[in-house]
1. Give the range 145-171 a look and list any residue that's buried (at least 23 other Cβ atoms within 10 Å of the Cβ) and aliphatic (A, V, I, L, M), or say none.
2. Take Asn170 and decide whether it is in contact (Cβ under 8 Å) with a residue 12 or more places away in the chain, within 25 Å of Ser143 (Cβ to Cβ) and assigned to a loop (DSSP other than H, G, I, E, B).
3. Would you pick out the residues in the range 221-232 that are closer than 13 Å to Val202 by Cα and crowded, with 23+ Cβ neighbours inside 10 Å?
4. Go through Arg254, Arg221, Arg263, Arg269 for me and flag whichever is more than 21 Å from Leu161 (Cβ to Cβ), at pLDDT 95 or above and outside the structural domain of Ile77 (by TED's automatic domain parsing).
5. Exactly one of (1) farther than 30 Å from Leu161 by Cβ; (2) modelled with pLDDT of 95 or more is unmet by Tyr22. Its number?
6. Just to be sure I understand, how many residues within the range 174-193 are in a strand (DSSP E or B) and either of a type in the set (Asp, Glu) or more than 20 Å from Leu141 (Cα to Cα) (or both)?
7. Please specify each residue of the range 68-96 satisfying the condition of being at pLDDT below 95, under 24 Å from Leu165 (Cα atoms) and hydroxyl-bearing (Ser, Thr, Tyr).
8. Tell me, which strands (runs of 3 or more DSSP E) wholly within the range 202-266 include 3 or more residues that are aromatic (Phe, Trp, Tyr)?
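The values are calculated or read from the model by the stated rules, or taken from the named source; none is laboratory data. The structure presented is a predicted model; accordingly, all values stated were derived computationally and were not measured. In this analysis, Cβ positions are derived from the backbone assuming ideal geometry, glycine residues included, and neighbour counts consider all displayed protein chains.
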Amino acid sequence: MNRKRMMIIGAILLIVGGTAAYGIWQVERPGGLVWQDGFKYKRLGEISQSDFSSQLPADSTTIKNLMITVRNEDVTITKGTRFRVATTKFGSKGSDKALSVTFKDGSLSIEENRDHESPVFFGINNFTHKIHIEIPEDSHLASIEVKNKNGDLNVNHLKQLDSLLASSDNGDVTLENIMAKFVRVSSQNGDLAVKHVNLDSVSAKNQNGDISFKSSKILNRGGISNENGDIDLEKTEIPDFYAVTIFGDKEIKRRQVGKEISRETAKLRVLNRNGDIEID
C-alpha cells in the first residue's frame, strides 16, 4: 500500500471516528472519553458526595501534619469552621471508599485508594473528581504536603503554617492568601500561581508552564526556576536577587526591596531557560 493511499484511509477513519464519537456524545451525554486501560466512553451518571470527617480524630487540635497523595483529583485546601474532608465524584460508585484516611502520632494521611481510583475524563467538559479539605482558621500546622499526579491544587486562606509542600505532575498549582515559614511548590506540566502570600523562604520549580507571584512577600531567601515558560514577579517584595534567562528577555521595571546582585551573594535566585523574566 503506497503512502498516499494510507494517508487517505487514515483521514477517512479519522472522520468516521470523530463523527461516531460526536453522535454518541449527543445521545449519551453528559459523559466523555476516559482512560481506563485504554480510551472508553463513560456516561457521567450521578454526582456522588462523601464526607470523611468521621474518620478524623475527635480533637482536631491534635492534627499537626497533613499528608495528601492522589492521582486523578483536583484538591482544594482552605479554611473552615472545623476540620473536614469531603469528595465529589462523577458517575462513580463506592465514593465513600475512594479515600483512605488515617491518623497516627499527630499526622493525618489522606490517600486515594487504588481500587477506587478515579478515571481521567477527556473533553470539553470539566468532570474532574474533587477533594475538598477545610482546616480551622486557628489551627497551627507544622506541615502540609500535597502530591498530585493528574489534577489541580488550590491552597488558600491559611495563616499559621510552618511548611507547605505542593506538587502536581500534570496540573496547575495555586496558592493564595497564605502565611508560612517555608513553601516548596512545583509542577511538570502546569502553571504555578502565587497570590497574596507572605513567606520567609520559597522554592518554586516548573518545567512546562508559567510561574507568577503577585502582591506577595519573600522575606529571606529562596529560588525560582523554570525550563519552558515565563516568570513574572508583580508587586512582590523580594530580598537581594540574581535573575537570568538563557533564551528569553529579562525586564526589571521597578526598584524592589532588594537589589540585583551577583549569583553567589544573592538571597533569591530567579533562573529561566526558555522564557522571559519580568519583575514589576
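1. Answer for the range 145-171, where residues must be buried (at least 23 other Cβ atoms within 10 Å of the Cβ) and aliphatic (A, V, I, L, M): Val146, Leu153, Val155, Leu164, Ala166.
2. Answer is yes for this residue.
3. First, pick out the residues of the range 221-232 that are closer than 13 Å to Val202 by Cα: 221-225.
Passing the criteria: only Ile224.
4. The match here is Arg269.
5. (2)
6. Residues that pass the stated criteria total 7.
7. Thr81, Thr87, Thr88
8. On the way: elements: 211-214, 217-228, 231-234, 241-247, 250-252.
In the range 202-266, 241-247 are the strands (runs of 3 or more DSSP E) which contain 3 or more residues that are aromatic (Phe, Trp, Tyr).
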